[in-house]
Each structure stands twice: as structure tokens, then as C-alpha cells.
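Comments concern the structure below.
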Amino acid sequence: MERDLSSTLLHLTRVRLTHDYPAQINACIDVLSDEELWWRPNDQANAVANLVVHLSWSNRYYLEQAIGGRDIGRNREAEFTARDGFRKPTCSRPGSGRCASSKRFSMDCSRTR
């Protein structure tokens, strides 16, 4: 099947957001302990876990809200103010639920094009 520009862009975006980025993030997190996920050198710095949460919500925001027009209830400030609460099984697979949601949305976009 030959793809036009919009379907190619959507396909590449879907692969990046639902496969490539989560795999890269998980590979990095797999080598860290729970304590290391939340470690920060000072109060102004972000922990790795904050960045993971931010990337997860950011990817979902752009695909589902900015492109799709569906409010996802993102609280960007909370992504950076969290000091704990996520452990490796939850934190290292942030995309499992969110990626599935984004993947469903991007598949719906493909069908409507």
C-alpha cells in the first residue's frame, strides 16, 4: 500500500511515540534502582522519574490533545513537583497505559484519513 505524506507522517509519529521512545526510556530506567529514579543533586534539579513522567505526558499531550483535540487533563507542574510516589514497575512502564491510549488514537486517525 502506497502512503501519502499525511499517512506517512502519522505512521512515523505513532512508531516514535508508542514504540521507539518508550523502549529507549525503559532501557535507561532498567539500570536504575527506585532510589536512583528519585535522586536529585539539589532541590532545583529534576529526578529521572520526573523526566520520565514529563515525557510520558508530553508525548500523549501532543498526539491526543494538540493534534486530536481531546483534553487529557494534563497537569504539567505536577510532573516536576512530584518527589516520590512512583516505583520502577509503575514508572518504567509509563507508556503501557498511555501508549496504548495514544496508539488507539493514532489508529483512529489513520482510519479517518
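Checking the stretch 39-53 against the condition returns a match, with at least one residue being among the acidic types (Asp, Glu) and out of contact with any Lys or Arg (no Cβ under 9 Å at 6 or more places or on another chain). Of the helices (runs of 4 or more DSSP H) lying entirely inside the stretch 46-91, those containing at least 1 residues that are out of contact with any helix residue (DSSP H, G or I) (no Cβ under 7 Å at 6 or more places or on another chain) and either under 20 Å from Val31 (Cβ atoms) or touching a residue at least 40 places away in the same chain (Cβ under 8 Å) (or both) are 48-60, 88-91.
In summary, Leu32 fulfils each of the numbered conditions (1) of a type outside the set (Lys, Arg); (2) in contact with a helix residue (DSSP H, G or I) (Cβ under 7 Å, 6 or more places away or on another chain); (3) farther than 30 Å from Phe86 by Cα; (4) at pLDDT 90 or above with the single exception of condition (3).
With respect to the stated conditions, Arg14 fails to be part of a loop (DSSP other than H, G, I, E, B) and in contact (Cβ under 8 Å) with a residue 24 or more places away in the chain.
Here Leu37 meets the list (1) closer than 22 Å to Thr81 by Cα; (2) free of Cβ contacts under 8 Å to residues at least 24 places away in the same chain almost entirely, failing just condition (2).
Among the residues of the stretch 48-81, those that are among the aliphatic types (A, V, I, L, M), farther than 21 Å from Ala23 by Cβ and either modelled with pLDDT of 90 or more or in contact with a strand residue (DSSP E or B) (Cβ under 9 Å, 6 or more places away or on another chain) (or both) comprise Ile72, Ala78.
The values are calculated or read from the model by the stated rules, or taken from the named source; none is laboratory data. Please read all numbers here as calculations on a predicted model, not as lab measurements. Every residue, glycine among them, receives a Cβ derived from its backbone with ideal geometry; neighbour counts consider all protein chains shown.
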